[in-house]
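One structure is given here, and the rest of the page talks about it.
The values are calculated or read from the model by the stated rules, or taken from the named source; none is laboratory data. All of these numbers come straight from a predicted model, not from anything done at the bench. Note that each Cβ is placed from the backbone with ideal geometry, even for glycine, and that neighbours are counted across all protein chains shown.
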Amino acid sequence: MHLPWLTLESFAATLPPGAMARPVALLDAHRVSAVNRAARAAGVQPGMKRATALALAPHLLFGEADPARDARGLQAVAHAALAFTPMVCLSPPAGVLLDVHTTLRYFGGIESLLQRLDHTLAPLGHRVHRARAPTAQGAAWLSQWHDGLACADLPALHRTLDDVPVHVLASTQPHLDTLTGMGLRHVGELRRLPRDGLARRFGEALLGELDSAWGTRPDPREPVVLPPVFDSHVELFARADTTDQLLHGAEVLLARLVVWLSARHAFARRFRLVLRHEGRLRRTDGPAVTEIDVALAEPSRDAEHLQSLLRERLSVLELPAPTLELSLQAHDIAHQPPPNADLFPTPRSEHQGLVRLIERLQARLGAACVQRLVRVADHRPEQCGRVVPYEPGPPPRAPEPVVTARRPARRQARSSGHDRPAAPPKAAIPPACPLEPERPAPPARPVWLLPEPVPLPERQSRPLLDGQVLQLLCGPERIEAGWWDAAGLAERDYFIAQTPEGALVWVFRARLPLSGGEGWFLHGRFG
């Protein structure tokens, strides 16, 4: 794969949307090194001086060429390719080589592999030229020459390579003027010259490159190795002081994170976005760096979901100063099988929808503001549960069905030589009759408890609520607990009562004056 516009695309990744429609040029040592189509249409060409380019296109947008920025963009493409084959190599300055002959069967053929590869590379925003050949060097040359070339065997490759222009070869770059003056414009013309003369005139590297492309010399290459943790950064073209500007730059980093996770067959549990601010406009007491930690309730590598969580965090962030650089780090990952694409909703997919809702609430409100109830081993209603921040966990399991034991049926006696009178039939045991008695159902408890029990007046030993007598429907449920801590002893008899309007409430009566007072108390309401 060859990326002909890698330099411009890496620079334009952090530009505002629509900026590439205007003329754009990159400078290297005060000379134009790359231009987009709008600048080329205005007459700007690589090699021009800055003043000359401005004279041709006064509204030209200049940027500085950065080989390190291009290398990071090329590395992201290599990480995306690692999801399809373990043998991926870089082919400088803007190429990536994939050895896919061992994985074609797994992906269902070359066409299916190419479709999935294009889908994976699309979020990175690079235009890719592809070519297929039996040799790595031959594939690299063909991808730089024409997009879509394919050679099935070596004879077809040799015929095609004869027409490749000489400027494609890396070893001919210092000698292009000399080769043009000699009338050598294609690789086939170089091949017909004496090898000794080529080596003396242009060096042994030229012969080595030709032999590697033709497959007559071994071509060992160093494969790309994934880093154990993800850490990437981008420099913003302009100072960012709004959420949309920050999110636009973070999308580039999130796209790189997703392809890195795909190559590792992993999912992110949490990631961190680091914002580096401009020191000149920063307040004296403001930090130079702002870190935003995003924790996921369930590991994910869905780019849209990660962007939505980050958008929620950035929407409530107050920047101490404009941001110049963004960094994304992901050190906590999980290896698990990818989710299945179910046609109909399942309990697992419904649980995932709930988890994503909780993640968005945590991103917008903060992790401490999203809480859940957990049980506590205490019989006192006000002490039997506590509120804690929500933490990720496995989806709730469905209760297992209760299997009742059944008495085995008596085997029929075998007939012997003497006829015996039949025994009188015994009473049949119902097949569903359990050997052990079933446990009684737990008493009903209201979900809504009052912060503190409210004393109720009474009339003829019957509790009153809003001046009306309550009808006791169920009870008492006796609770005696709490002698071991400072919360106090509770000796109460609880009842479920009904108001004249039909509402159900939970009331209790203290058994002893020392255990919470005398009379009736309202403690909860049923929904």
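Being among the hydroxyl-bearing types (Ser, Thr, Tyr), surrounded by fewer than 16 Cβ atoms within 10 Å (Cβ to Cβ) and not assigned by TED's automatic domain parsing to the domain that holds Gln75 is the requirement here; does Thr290 meet it?
In short, no.
If you take the residues of segment 67-96 that are without any contact (Cβ under 8 Å) to a residue 60 or more places away in the chain and over 15 Å from His2 (Cα atoms), which of them is farthest from the chain's Cα centre (by Cα)?
Per the stated criteria, the residue is Pro67.
Only one of Pro476, Pro457 is at pLDDT 50 or above and under 55 Å from the mean Cα position of the chain (by Cα); which?
Just one listed residue meets the conditions, Pro476.
How many residues does segment 482-501 hold that are under 20 Å from Gln383 (Cβ atoms), free of Cβ contacts under 8 Å to residues at least 24 places away in the same chain and assigned to a loop (DSSP other than H, G, I, E, B)?
Residues meeting the conditions: 4.
If you go through segment 42-65, how many residues are buried (at least 16 other Cβ atoms within 10 Å of the Cβ) and touching a Ser or Thr at 6+ places or on another chain (Cβ under 9 Å)?
Count: 2.
Just the residues that are of a type outside the set (A, V, I, L, M), assigned to a helix (DSSP H, G or I) and surrounded by 15 or more Cβ atoms within 10 Å (Cβ to Cβ), please, taken from segment 131-163.
Across segment 131-163, the qualifying residues are Gln137, Gly138, Trp141, Ser143, Gln144, Trp145, His158, Thr160.
Name, by its number, the condition in (1) outside any helix (DSSP H, G or I); (2) over 24 Å from Ala170 (Cα atoms) that does not hold for Ser112.
Going through (1) outside any helix (DSSP H, G or I); (2) over 24 Å from Ala170 (Cα atoms) one by one, Ser112 breaks only (1).
Residue-wise test of (1) assigned by TED's automatic domain parsing to the domain that holds Ala78; (2) surrounded by fewer than 20 Cβ atoms within 10 Å (Cβ to Cβ); (3) among the aromatic types (Phe, Trp, Tyr); (4) out of contact with any His (no Cβ under 6 Å at 6 or more places or on another chain).
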site: Val187; (1), (2), (3), (4): yes, no, no, yes
site: Gly197; (1), (2), (3), (4): yes, yes, no, yes
site: Val225; (1), (2), (3), (4): no, yes, no, yes
site: Asp241; (1), (2), (3), (4): no, yes, no, yes
site: Ala250; (1), (2), (3), (4): no, no, no, yes
site: Ser262; (1), (2), (3), (4): no, yes, no, yes
site: Arg269; (1), (2), (3), (4): no, yes, no, yes
site: His277; (1), (2), (3), (4): no, no, no, yes
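Modelled with pLDDT under 90 and either more than 25 Å from Leu354 (Cβ to Cβ) or assigned to a loop (DSSP other than H, G, I, E, B) (or both): is that true of Pro228 in this structure?
no
Could you check segment 93-109 and list, in sequence order, the residues that are in a loop (DSSP other than H, G, I, E, B), of a type outside the set (A, V, I, L, M, F, W, C) and on the phi < 0 side of the Ramachandran plot?
Those that are in a loop (DSSP other than H, G, I, E, B), of a type outside the set (A, V, I, L, M, F, W, C) and on the phi < 0 side of the Ramachandran plot: Pro93, Asp99, His101, Thr102, Thr103, Arg105, Tyr106.
Is it true that Val77 is surrounded by 18 or more Cβ atoms within 10 Å (Cβ to Cβ) and touching a Pro at 6+ places or on another chain (Cβ under 8 Å)?
No: the conditions fail for Val77.
Considering only segment 181-218, how many residues are within 54 Å of the chain's Cα centre (by Cα) and assigned to a helix (DSSP H, G or I)?
Qualifying residue count, segment 181-218: 21.
Out of Leu154, Leu117, Leu121, report the one residue that is of a type outside the set (Asp, Glu) and more than 24 Å from the chain's Cα centre (by Cα).
Leu154
For segment 23-49, what are the residues that are under 10 Å from Leu60 (Cβ atoms) and in a strand (DSSP E or B)?
Passing the criteria: Val24, Ala25, Val32, Val35.
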